[in-house]
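Asks: Structure in structure tokens, see below.
The values are calculated or read from the model by the stated rules, or taken from the named source; none is laboratory data. Since we're looking at a predicted model, the values are computed, not measured. Glycine also receives a Cβ, built like all others from the backbone with ideal geometry; neighbour counts cover every protein chain displayed.
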Amino acid sequence: MDFRRALVCAMVAIHDAGVRHFDIRNRNVLDNKGFPMVIDFGEAEDHECECTMEIVENIPAPFDSQFGCDELHQLCIDLRIWKPGMFQYIWSSQPAADYLCRPYSLAETAPESWSYEDAVYEAYRVIDEHLKEFYPEDYSGWCKMVEKMLPPSRSRSRASDETSPSASASSALNDSLSLSEIPPANTTTFVDSQ
Ligand SMILES: [Zn+2]
């Protein structure tokens, strides 16, 4: 197990034991023959950890509020356990977990001034760019997941589609692949027993 992962496991164990450190920084983590040793509990406090998620490596970073524990969340961010949680689409920042596999849903967030076709094209472009940069080792696997997505049964402009309820219904159906269902191949789950 590498040092970063071992440190995450150690900190999860510390939180599970009911302690929040409050001063995690380089000088408070010693390297004991390759194993992290957390020291200086001078600022530590009792803590009932409300972390709700397993820490899985190499997935888009969850939101702090979803995750449930800000010290563990910040640690995972600092150690780059996760990939970026947000990515840029046109003029707005979008959550990667919601949209990386869903170009058609992403296109729905485009400004009204964009045609639907342009919005879909741009969605594929930014998703492809993000996957290439942050998931190079899983790139082909990701592409297959994205390709699995069938286009929703509409190809007209968004303006003419706005009154059609069936369009959004089929979009939701076809566009329902979830990152949590199919994580990238080289993920690691951190469990207490390690
Ligand atoms: Zn905690």
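Asks: Where residues in segment 1-35 are on the phi > 0 side of the Ramachandran plot and touching a strand residue (DSSP E or B) at 6+ places or on another chain (Cβ under 8 Å), which of them is surrounded by the most Cβ atoms within 10 Å (Cβ to Cβ)?
Replies: F22
Asks: Hey, another quick one. Outside the structural domain of R20 (by TED's automatic domain parsing), surrounded by 14 or more Cβ atoms within 10 Å (Cβ to Cβ) and modelled with pLDDT under 95: does that describe L131?
Replies: Against the criterion (outside the structural domain of R20 (by TED's automatic domain parsing), surrounded by 14 or more Cβ atoms within 10 Å (Cβ to Cβ) and modelled with pLDDT under 95), L131 qualifies.
Asks: Among the listed residues W82, W91, W142, identify the single one that is modelled with pLDDT of 95 or more and either surrounded by fewer than 18 Cβ atoms within 10 Å (Cβ to Cβ) or in contact with a helix residue (DSSP H, G or I) (Cβ under 7 Å, 6 or more places away or on another chain) (or both).
Replies: Testing whether each residue is modelled with pLDDT of 95 or more and either surrounded by fewer than 18 Cβ atoms within 10 Å (Cβ to Cβ) or in contact with a helix residue (DSSP H, G or I) (Cβ under 7 Å, 6 or more places away or on another chain) (or both) leaves just W82.
Asks: Sticking with this one: Considering only residues of segment 2-11 that are in a helix (DSSP H, G or I) and over 19 Å from the mean Cα position of the chain (by Cα), which is farthest from the ligand (Cβ to nearest atom)?
Replies: So, considering only residues that are in a helix (DSSP H, G or I) and over 19 Å from the mean Cα position of the chain (by Cα), the one farthest from the ligand (Cβ to nearest atom) is F3.
Asks: For segment 63-86, which residues satisfy the criterion of being touching a Cys at 6+ places or on another chain (Cβ under 7 Å) and in a helix (DSSP H, G or I)?
Replies: Scanning segment 63-86 gives F67, L72.
Asks: Now, a different point. Check segment 174-183 and report whether any residue there is within 28 Å of F3 (Cβ to Cβ), modelled with pLDDT under 90, out of contact with any Cys (no Cβ under 9 Å at 6 or more places or on another chain) and of a type outside the set (G, A, S).
Replies: Yes, segment 174-183 has at least one match.
Asks: Of the residues in segment 21-62, how many are within 16 Å of the ligand (Cβ to nearest atom), outside any loop (DSSP other than H, G, I, E, B) and closer than 29 Å to F134 by Cα?
Replies: The qualifying residues number 1.
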